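The values are calculated or read from the model by the stated rules, or taken from the named source; none is laboratory data. From a predicted model like this one, the values you see are computed outputs, not experimental measurements. Backbone-built Cβ (ideal geometry, glycine too); neighbour counts: all protein chains shown.
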Amino acid sequence: MATTETQILDDVISSRRKLIMMLGGTALAGALLADSPKADAAALTDTDILNFALNLEYLEAQYYTLADSGSTIDTLGIGTGAGTSASGGGTVTTKPGGPAACKVPFVTPSFASYAQEIATEERKHVAFLRSALGSSAVAQPNIDLYNSFNAAAAAAGIGPSFDPFANEVNFLLGSYIFEDVGVTAYHGAAGLISDKSILGAGVGIHAVEAYHAGLIRTTLWSLDQANTSLGIAATATKISTLRSTLDGTGNDDIGLTTTMDNLNGTSGSYQASTIVDADLTNSQGFSRTAAQVLAIVYANPAGTPGGFFPNGLNGNIK
Amino acid sequence: MLKAKEMLSSAVTRRNFLVGAGSAAALTAVGCGSSSKGTLPTTPPTTPDITDTDILNFALNLEYLEASYYLYAATGSGLSASDMGSNAGTVTGGAQVPFASKIQQEYAYEIAQDELNHVRFLRSALGNTAVSMPDIDLKNSFNAAASAAGIGASFNPFASYETFLLGAFVFEDVGVTAYTGAAPLLKDKNFLNAAAGIQAVEAYHAGEIRTLVVAAGQTYVDLANKISALRAKLGGGNETTLTGTSIVASDPTNAIAYSRTTDQVLQIVYGMVGGNVASGLFFPNGLNGTIKSTAA
């Protein structure tokens, strides 16, 4: 495993755009621009961005499809190979017992319906992006849905292990991990897309991820308020804190809690929920750079592969 | 990419509208551009641009409506004078909802604050080009919509938590489609970023409201779907029937959120399909700004 420094050096040699994505900051990008006029974040192609999104959709589709049906997406007719190849994608590491053991034992019918709906929609996103990318589509990278959750739980202070497939509440918390990240990733990508029609599709998927996030967060908050002794909202908030810690900002993620709002008055006398994950001043969804998204899905502030993608993403942004 | 191409076509249609049907201001601008500067290329511009200011002001009108609805529901009064602009319109109707529990209030308070923040953000971003709040109707509008949707002769969204959810349902999915349609039209990357951020929040709200309507029971789901059918009739389709397995409103093939043109959004908030529709329903005297009338 390369150190961060040597990896950055490699990137300078191989791909300036990757360096910009990894290091993110405007100042650094500016320094690079001064060094070489040709180095520009605009060097990222729409294909690069769509493939970045495709990696994230593979992850979400596998998670929800396993939870809903105990199957991986390739067994449901979704291609995972490079280009138009149906097969040849990376592996999916699951809990002991394999995919079948991941089917969540739902007891609340509406929660089972949520899983089914989101699984279907995330598979459609995979299929849409693969279709849009055609021969340029990257294969599914290796995905870890077992060690990743255990490590994340430990890092978030939730406990030594976490099985999102064990029961329906855990499933909702596992979903919580992904959806808000998807929203911020598409938000950050929108400004980088050159083609207006691709931008239209990108913001459309962005909205669907936010619908999902609204659904998941509403459900978790209502469960928490019905029985606060379960600590459901507190666990979700720990996940939010972990995400904002990993991406280096410390302040771009709102957990499930309450705020005292002014509304049209002058004092904070209205106790409001925080279903929406957005900045509290302007009520705009947060935006993350690719580097920040990688830090979260790799579970590593340095952005080196790990977490949900033990061998990294496929494509130019990784 | 078919869907994406359709979205692009929609945007182009909107531009054609401005050329063909006549925003007078836009046409005047073109005239000035081609006649007062003889050194310009002889081919006059044929597609006058909708400016970012036009689009943000269009959005601001919708945010005035949403903020007024939620603030009345939450507090019994609307926007403060300082958030409306000069010579602002008035709001007809609106009342505090008798919420039955703390969590119901929390939902309403949160969305009210979000929509108020959107009004303030857009007014700040637009500066002295921000339009003032137009006249807004939160009473006759809902009655007329209920009648058109086949719900009944009248509908008071402020009567209970459940009716409040249905009133919210009227707005949120429309907000998502409006921002999804508008975002790609914005030229300034900062505005695009802000619009995408607001779009996400509207979609969070929509996901929340649709989840809560389903939780409220089949009676309310059925009513919501009558509203959805009315919106489809007014707004060019672009609706997903609400069920326990279709919380998200998105196209069934690709699961991409629908996009509406400004004309389609105007037809919904004015409650009328057709050309040159310039007022009605929620905006009895029309929107303020450049984008306020459907194509001829």
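Points worth noting:
- Filtering A:Gln292, A:Gln284 for residues that are facing another protein chain (nearest Cβ under 8 Å), under 26 Å from the mean Cα position of the chain (by Cα), buried (at least 21 other Cβ atoms within 10 Å of the Cβ) and of a type in the set (S, T, N, Q) leaves a single hit, A:Gln284.
- B:Ala215 vs. criteria within 14 Å of chain A (Cβ to nearest Cβ) and either in contact (Cβ under 8 Å) with a residue 24 or more places away in the chain or of a type in the set (Asp, Glu) (or both): no
- Options B:Ala145, B:Ala125, B:Ala130, B:Ala100: the member that is touching a Lys or Arg at 6+ places or on another chain (Cβ under 9 Å) and more than 8 Å from chain A (Cβ to nearest Cβ): B:Ala130
- Hits in segment B:186-212 - residues which are more than 8 Å from every other protein chain (Cβ to nearest Cβ) and either surrounded by fewer than 24 Cβ atoms within 10 Å (Cβ to Cβ) or at pLDDT below 95 (or both): B:Leu186, B:Lys187, B:Asp188, B:Asn190, B:Phe191
- When restricted to residues that are acidic (Asp, Glu) and either without any contact (Cβ under 8 Å) to a residue 40 or more places away in the chain or more than 14 Å from chain A (Cβ to nearest Cβ) (or both), segment B:103-122 contains 2.
- Here A:Ile216 does not fit the description of being more than 10 Å from every other protein chain (Cβ to nearest Cβ) and of a type in the set (Val, Ile, Thr).
- Going through (1) more than 14 Å from chain B (Cβ to nearest Cβ); (2) outside any helix (DSSP H, G or I) one by one, A:Ile193 falls short only on (1).
- Residues of segment A:219-239 that are facing another protein chain (nearest Cβ under 7 Å), free of Cβ contacts under 8 Å to residues at least 60 places away in the same chain and within 26 Å of A:Ala299 (Cα to Cα): none at all.
- Matching residues in segment A:160-176 - criterion: being closer than 17 Å to A:Ser240 by Cβ and among the small types (Gly, Ala, Ser): A:Gly174, A:Ser175
- Residues that are out of contact with any strand residue (DSSP E or B) (no Cβ under 7 Å at 6 or more places or on another chain) and part of a loop (DSSP other than H, G, I, E, B), drawn from segment B:106-134: B:Ala130, B:Val131, B:Ser132, B:Met133
- Hits in segment B:168-185 (condition: closer than 19 Å to B:Ser250 by Cα and facing another protein chain (nearest Cβ under 9 Å)): B:Val176, B:Thr177, B:Tyr179, B:Thr180, B:Gly181, B:Ala183, B:Pro184
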